[in-house]
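Throughout, read-outs are computed from the coordinates displayed, never taken from laboratory work. Because the structure is predicted, anything quoted here is derived from the model rather than measured. Because the Cβ atoms are built from the backbone with ideal geometry, glycine has one as well, and the counts that use them run over all protein chains shown.
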Amino acid sequence: MLTYADCADYLKNVYNGINGEINPVVPAIRLVLTEPNPNAPKNFAIAGSQCMMYVEIRLDNVFEKFNEARLTDNQIRGGLLFILAHELSHCDQKIIPNKQDDIEYIRYMEYTNNLNTLEFIKKNWNLLQLCYGTFEIPEMVCGSYLEQSKFYNGKIFVFPQISSIKEKVLDGVSLLMKEDIYANKYPLVNNMNLSIFVGQNLYDRFEIIRNKNLVCSHSAIIRMSQFIARAIYDYRKSCVINGDTCEMTLYLSAPPEYHVTILK
Ligand SMILES: [Zn+2]
């Protein structure tokens with residue numbers, strides 16, 4: 001019978017092996033596993049999340065649900081593998097930020113992401129068993145193909161892969177910005193520029209807000225800059241607000257090194 005600690009070790013091992021393989025364009029920066037917490041909300045829908053290359057697995061929640069369902073060790077390993085691979089796969093997925101509230105769109109994203117995840121696991125089936133132990137994927141983590149194909153009525157969908165880390169950052173910024181459109185207790189800005197330096201060199205400059213319909217609170221920008229930078233590289237930042245325009249500069253160190261594995 002696998003313990004919570006066994007599951008945590010298993011996830012860390014698998015993460016080191018498949019991060020950057022299922023998600024070659026945007027490798028995750030950090031894996032966060034939640035600790036058992038009796039006060040945490042229990043909802044199986046929250047198995048994991050991915051935001052800007054941060055992957056969090058709600059292991060307390062998952063562990064409890066797997067035990068309730070009396071899964072075998074093989075099924076627990078398969079379930080954890082699927083959940084982790086699913087979140088890593090999201091890192092490489094192109095997400096349209098302004099469709100986050102559209103339930104059909106979210107289903108489509110989850111559906112294509114599940115397909116990509118299962119495809120990866122299928123392709124590496126033998127190697128994954130060899131490296132991390134035998135497993136089987138329980139239906140409770142991936143839903144049934146039948147249900148999904150019913151919803152999509154036989155249409156063929158292709159996993160929308162993101163083209164670069166830059167695109168990921170821009171999408172993340174739009175996403176975070178949107179969350180704060182309604183937070184108007186802070187000064188608002190209508191224009192925002194983000195400059196990113198790597199070492200001494202200007203790496204890129206983005207015009208994030210150039211639209212009176214998109215507003216972003218001062219506090220949101222601070223949080224956003226912390227978030228972006230924490231998720232990507234070590235950094236320091238400067239943020240100057242001039243009237244309704246924010247100039248944010250992130251100074252980044254060199255990109256981190258990622259684990260390389262033999263999985264394809
Ligand atoms: Zn998902």
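With a simple spin-label model that places each label point 7 Å from the Cα along the Cα-to-Cβ direction, the separation between V32 and L202 comes to 3.3 nm.
Close amide H partners of G20, meaning residues 5 or more places away or on another chain with modelled amide H under 5 Å apart, are A28.
Taking other C-beta atoms within 10 angstrom as a stand-in for reagent exposure, E64, E119, E35, E21 fall in the order E35, E119, E64, E21, fewest first.
The order of V14, V198, going from fewest to most other C-beta atoms within 10 Å of their C-beta, is V198, V14.
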